[in-house]
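Presented below is the structure to which this report refers.
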Amino acid sequence: MRFVFKTSYDADINWFKHKTQAFWYFLLFGLMMAIPLYFHFLSDPYLLGEITSVMIFAIAAMGLMLLTGHTGLPSLGHATFMALGCYMNVIYLNAGLPWLLAFPLAGLTAGFVGTLIALPVLRLHGVYLALATLAMSILTGDFIVLLEPWTGGISGLAVPDISIFGLEINKYANPYLFYYLVLVVALLIIMAYRNILRAPMGRSFTAVRDSEISAQAMGINLTMTKSSSFFLSATTAGLAGALFGHSAGYVTNETFDVVMSITLLMMIVIGGLGFIHGAFFGAIVFGIIPVAIANGRSLLQTSFGINVHIPGLENGLFAVILIAFILFEPMGLYGRWLKVRTYFELFPFYRKDMFRRQKSYLKTERVQ
Amino acid sequence: MDFIQLLASGLANGCVYGLIALGFVLIYKATEAVNFAQGDFMMLGAFVCIGFANDDFMGQGFWIAVPLAILVMAVFGYLFNWGVLRHMFGQSQTSIVILTIALGFILRFIAGTIWSHEPVSLETPFAGQDIRFGGVVLGVDEMLVVVVTIILTACLFVFFSKTKIGVAMQAASQNQLAAYYMGIPVKRIQSLVWGLSGAVAAVAGILFASKGAIDPSAGLLGIKAFAAAAIGGFGSLPGALLGGIIIGIVEPLSSRYGPPGVSQIAPYAILLLVLILRPGGIFSQTQKKKV
Amino acid sequence: MSLLSLSDVTLRFGGVVAVNNVSLEVQQGEVFGLVGPNGAGKSTLFNLISRFYDPAEGSISFNNQNLLKLGSDQVPSQGIARTFQNIELFEHATVLQNLLVGRHRHRKTSMLSEIFFTPKARREERRHREAVERVIDFLDLQPYREKMIAGLPYGVRKVVELGRALASEPKLLLLDEPASGLSVEETQDMAYWIEDIQKQMGITVLMVEHDMGLVSSVCNRVLALNDGKELTTGTPTEVQAHPSVVEAYLGTSGISKT
Ligand SMILES: Nc1ncnc2c1ncn2[C@@H]1O[C@H](COP(=O)(O)OP(=O)(O)OP(=O)(O)O)[C@@H](O)[C@H]1O
Ligand SMILES: [Mg+2]
């Protein structure tokens, strides 16, 4: 158990609680910086591409985490904002804007348009909001087809390469540079996210999540707070969408479908609602499972000659894992990690009931 | 003539949507949980019935398969609440939404594995028969859908207003805590409601599969049923049915008379419009939480 | 000049007249008590002041400002803070974070400056934390600083809720049954705190309370309410002895401790 003697208010404000914590995070950062070297020596960057994809989804998941995990507003339509970001990025690039301008602008456009779309439904509560965003997500593909002159509709749209001051970045030609680019974007977003959480805005988000009534009684404007959260969330998802476009190289009306929206939501639940770490844990799990299933399948095939091909197995497995998490570990992977850590820190004084949830009636939105 | 035929098939479709929405609303009213897997309940009900009835599977015949399928789905709904949902007291609505979405994935997977992903239709005694009124040809299956829906709705109405358990369900839905204090076994009632809604879903599935082919992804129709439920206002049973019928009728008409692409968009566009203009649905009963 | 004044306020819920033509004046610096049996309309009166409900008739003004012109989230900025009868804390946040939310009305930073955490944002943040630490010291909440609300005992939650209201440095504090569910010792502490809040911090208090012992020891004046109507106003002793109050209480079982 570590005792931190707080001698100034900054001890509570700073990013890291103490030096050791800072050390671990810097180590992790160093590791992330060094990963491409490994693949470079291996001269097989395939897995690096996978890691990059996981990071892109982690960025999108961070966007959703801010909205669902921290503000308590469920969205079943975040793929729509990814689509907005992706298409706007391409449109800006094709209009001749440099990437360094087009990319953030694409995110902001996704944020603005997203907030405009969402403003009327933000008054809605949990289920209604989930439904409205679901409907939005279903309509996305149709709208992309309708807007064919700009989006290419069914035949799709090629995403141009990234060019930063003459430096060309293409996922296939130079996976290392693309990896670093995504890493930098992810880092910047994490920093902004952390800053929000330690400032009044982040606290007003969690306040709205936990009790709208008392948030109001503390002077928090609900509409303002919810739409700020929506804006930031959609912007982040838009940035992830733009990166996703560069990573895919080609997008069509079927790229950003409902399944992607639902996947994002599943990610943050498995990862741990309400924690930035959760976005990453969730994205990692969703990156690993398909690989694991493919490996398991080929293992069965080669060593036992069994040919397992069950369509829908991946989704079924995701779903089982998800239900197990909701039932047995509502705080997600990050929650499990917290418990394990506390166990070792307190050894041998850990008590089983330390993280026990309070039993209560289903949180109601109706008048009692 | 054409118009009337479109209307009839739209009405039949709408009844199926309405029945799915009805199951959805039953659960929402009684437990405040939202079952995003209601469409997959419908799909599973259809496949269970097909499994019992069709010659390719157990071949027991239509009249034995129907009650069996309804019973299986009722038990399934009951057990799902009893075994899974009941343990989620105190968790947020979002968790329940996600849980039921995940359940939908699992049901789709199970149905696909058992009955394959090929579309099949239920073998019924009245397949292919039709009735002619002048120039209008109406399928017996479509008419049956409408008739069964009307009967089922009437039964539910009587059940909720006349039987003791129905009244208890209503009480539990209006105020869980108070009902609990009054000695109503709220948790058991909730499981019963889930069972009832499973049975309603089975009926919807059987109707759906008897008038056309069904495959495991048909559960996604549930999304249209949510739209129906929301259009009608979540808390209202007649509203759900009406919402379903509106969507069912709008779809074929807009695809026939509207510009291309509109018929896919229409149900959700209506949903969004209703949510924006009348956030509580047409039969709105939104209230603020009391402090 | 009175700080808060309600005149002829009426509110109906369907057929129920929850508040019926009530007028009251809370003077600067006093502790004003609201008593009455269950369902008398006390909490509803608070919700009217918080602007959760719109009165059908009457006016409410604070500091010579018409409160009815404001939305419920603008009320705190006037200097009114409140607690709730059934504790409405932010369950999945720590005590410290809960108190910091209480500082929301003093927020001076913009979204952008918070995202980049500019030096100004840091300065403001220090200021907020300084104020909150003072409240933590005042209410002896140090042991619970970093604890999640979800795991705290009831008595502590009540104190945290008081702390959250105090953190906003209000002019008027609305306390809805601050001592309900508390043990005798905890009620004692609450009495001392309310006294300090009045005498040392100079905050005016309007409180609803069933515990007549607490009411007599801290309140300067008391208004008794029944069925939404005012019965009488006066010192705690006068009100307790008033025949209509005795009758209202004997008629119901609303009173807990006398
Ligand atoms: N949101 C509401 N909708 C309908 N009726 C309400 C609502 N809020 C309060 N009431 C009714 O108004 C009356 C006054 O309620 P209120 O909560 O103000 O009582 P109270 O004096 O605070 O009682 P207690 O001592 O039990 O807290 C009660 O009859 C109550 O049922
Ligand atoms: Mg009260």
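Give, ordered by residue number, each residue of the stretch A:112-131 whose 1.4 Å probe accessible area is reduced by a minimum of 10 Å² on adding the remaining protein chains to the chain alone.
SASA drop of 10 Å² or more in the stretch A:112-131: A:120, A:121, A:123, A:124, A:127, A:128, A:130, A:131.
Leaving ligands, DNA and RNA out of it, rank C:145, C:122, A:336 by accessible area with a 1.4 Å probe, largest first.
A:336, C:122, C:145
Solvent-accessible area of residue A:344, probe 1.4 Å, all protein chains present, reported in Å² to the nearest ten, please.
Answer for residue A:344: close to 140 Å² accessible.
Residue separation times 0.36 nm, minus the C-alpha to C-alpha distance between residue A:321 and residue A:32: what's the value?
101.3 nm
List the longest stretch of chain B that has no exposed loop site; here a site is one of the trypsin sites (Lys or Arg not before Pro) assigned by DSSP to anything other than H, G, I, E or B, with at most 14 other Cβ within 10 Å.
B:1-287
Count, for each residue of C:91-102, the Cβ atoms from other chains sitting within 10 Å of its Cβ, then give me the mean as a whole number.
For peptide C:91-102, the averaged partner shielding equals 5.
For the pair residue C:110/residue B:155, report the inter-label distance in nm, with labels modelled 7 Å from Cα in the Cβ direction.
The answer from the label model is 6.4 nm.
Accessible area of residue C:68, 1.4 Å probe, to the nearest 10 Å²?
Its heavy atoms expose roughly 50 Å² to the probe.
How big is the convex hull of the Cα atoms of the stretch A:263-333, per residue, in Å³?
Roughly 82 Å³ of hull volume per residue.
Once every Cα of chain C carries one equal point scatterer and solvent is ignored, give the base-10 log of I(q)/I(0) from the Debye formula at q = 0.08, 0.17 Å⁻¹, two decimals.
Summing over Cα pairs of chain C leads to -0.33, -1.36.
Hey, any idea what Rg/Rh is for the stretch C:133-198, computing Rh the Kirkwood way over Cα pairs?
0.93
Which whole-number value in Å² is the accessible area per residue of the stretch A:12-90, probe 1.4 Å?
That works out to 42 Å² for each residue.
Please compute the modelled spin-label separation between residue B:220 and residue C:192, points set 7 Å along Cα→Cβ, answer in nm with one decimal.
Rounded to a tenth, the inter-label distance reads 6.7 nm.
First measure r as the distance between the Cβ atoms of residue A:299 and residue A:23, then evaluate 1/(1 + (r/R0)^6) with R0 = 60 Å and state the FRET efficiency to the nearest 0.05.
That gives a FRET efficiency of 0.95.
Strictly greater than 14 Å: what percent of every Cα pair in the stretch B:31-81 meets that?
53 percent
Please work out whether the stretch A:67-224 counts as rounded, prolate or oblate from its C-alpha gyration tensor, where a ≥ b ≥ c are the square roots of the eigenvalues and a/c under 1.5 means rounded, while otherwise a/b larger than b/c means prolate and anything else oblate?
oblate
Write down, largest first, the equivalent ellipsoid semi-axes of the stretch B:42-158 in whole Å, where each equals the square root of 5 times an eigenvalue of the alpha-carbon gyration tensor.
Largest first, the stretch B:42-158 gives 32, 20, 14 Å.
Kindly provide the helix-only [θ] at 222 nm of the protein assembly as shown, computed as the sum of -39,500 (n - 2.57) over DSSP H runs of four or more divided by all residues, to the nearest 500 deg cm²/dmol?
-19500 deg cm²/dmol
So for the stretch A:183-263, taking the charge dipole from beta-carbon charges (+1 Lys/Arg, -1 Asp/Glu), which of A:262, A:219, A:187 sits furthest toward the positive end?
About the Cα centre, the residue reaching furthest to the positive side is A:219.
Would you calculate the convex hull of the Cα atoms in the stretch A:25-356 and tell me its volume per residue in Å³?
Hull volume normalised by residue count: 178 Å³.
Which residue, A:78, A:309, A:277, has the most motion in a Gaussian network model of chain A that connects Cα atoms within less than 10 Å?
A:309
For the stretch B:26-71 and the stretch A:234-249, what is the separation of their Cα centres, given in Å?
Cα centroid to Cα centroid, the span is 41 Å.
With an 8 Å cut-off on Cα pairs and a minimum separation of 6 or more residues, tell me the relative contact order of the stretch C:90-168 in percent.
Result for the stretch C:90-168 is 56 percent.
Taking the Cα atoms of the stretch C:160-258, report the difference between the largest and smallest coordinate on each principal axis, in whole Å and largest first.
Extents along the principal axes, in whole Å: 39, 26, 21.
Can you give the extra length, in nm with one decimal, that the chain gains between residue C:200 and residue C:118 once fully stretched, where that is 0.36 nm per residue apart less the Cα-Cα distance?
In short, 26.0 nm is gained.
Using Cα pairs under 8 angstrom and six or more residues apart, how large is the relative contact order of chain C, in percent?
It rounds to 28 percent for chain C.
Need one number: convex hull volume per residue for the stretch A:1-81, Cα atoms only, in Å³.
That works out to 160 Å³ per residue.
Would you mind getting the accessible area per residue of the stretch B:2-219, heavy atoms of the protein chains only, 1.4 Å probe, in Å²?
Roughly 39 Å² per residue, with all protein chains present.
For a Förster distance of 25 Å, can you work out the FRET efficiency between the beta-carbons of residue C:69 and residue C:13, rounded to the nearest 0.05?
For residue C:69 and residue C:13, the calculated efficiency is 0.60.
Tell me, what is the FRET efficiency for residue B:170 and residue B:7 to the nearest 0.05, using R0 = 35 angstrom and their Cβ-Cβ distance as r?
Plugging the Cβ-Cβ distance into 1/(1 + (r/R0)^6) gives 0.55.
Just the ratio, please: alpha-carbon radius of gyration of the protein assembly as shown over 2.2 N^0.38 Å, N its number of residues.
1.03
Translational D (Stokes-Einstein, µm²/s) of the stretch C:38-138 at 10 °C and 1.306 mPa s when Rh comes from the Kirkwood sum over C-alpha pairs?
Rounded to a whole number, D works out at 99 µm²/s.
Test of understanding: in a Gaussian network model of chain A with alpha carbons linked when under 10 Å, which of A:300, A:116, A:177 would top the mean-square fluctuation ranking?
Ranking A:300, A:116, A:177 by mean-square fluctuation puts A:300 first.
For the stretch C:90-168, what Kirkwood radius comes out of the mean inverse Cα-Cα distance, in Å?
12.9 Å
Tell me the label-point distance for the pair residue A:14, residue B:147, using the 7 Å Cα-to-Cβ offset, in nm and rounded to one decimal.
8.0 nm
Using alpha carbon centroids, what distance separates the stretch B:113-134 and the stretch C:53-106, in Å?
Between the Cα centre of the stretch B:113-134 and that of the stretch C:53-106, the gap is 61 Å.
So if I take the alpha carbon set of the stretch A:225-347, get Rg, then get Rh from the Kirkwood formula, what is the Rg over Rh ratio?
Using Cα coordinates only, the ratio equals 1.05.
Take every Cα pair under 8 Å in the stretch A:73-112 that's 6+ residues apart, average their separations, divide by the length, and report that relative contact order as a whole percent.
Rounded, it is 49 percent for the stretch A:73-112.
The values are calculated or read from the model by the stated rules, or taken from the named source; none is laboratory data. Nothing here was measured: the structure is a model prediction, and the numbers come from that model. Note that we place each Cβ from the backbone using ideal geometry, even for glycine, and neighbour counts take in every protein chain shown. Areas reflect the complete protein model, heavy atoms only, side chains present, ligands, DNA and RNA absent. Shrake-Rupley method; radii C 1.70, N 1.55, O 1.52, S 1.80 Å.
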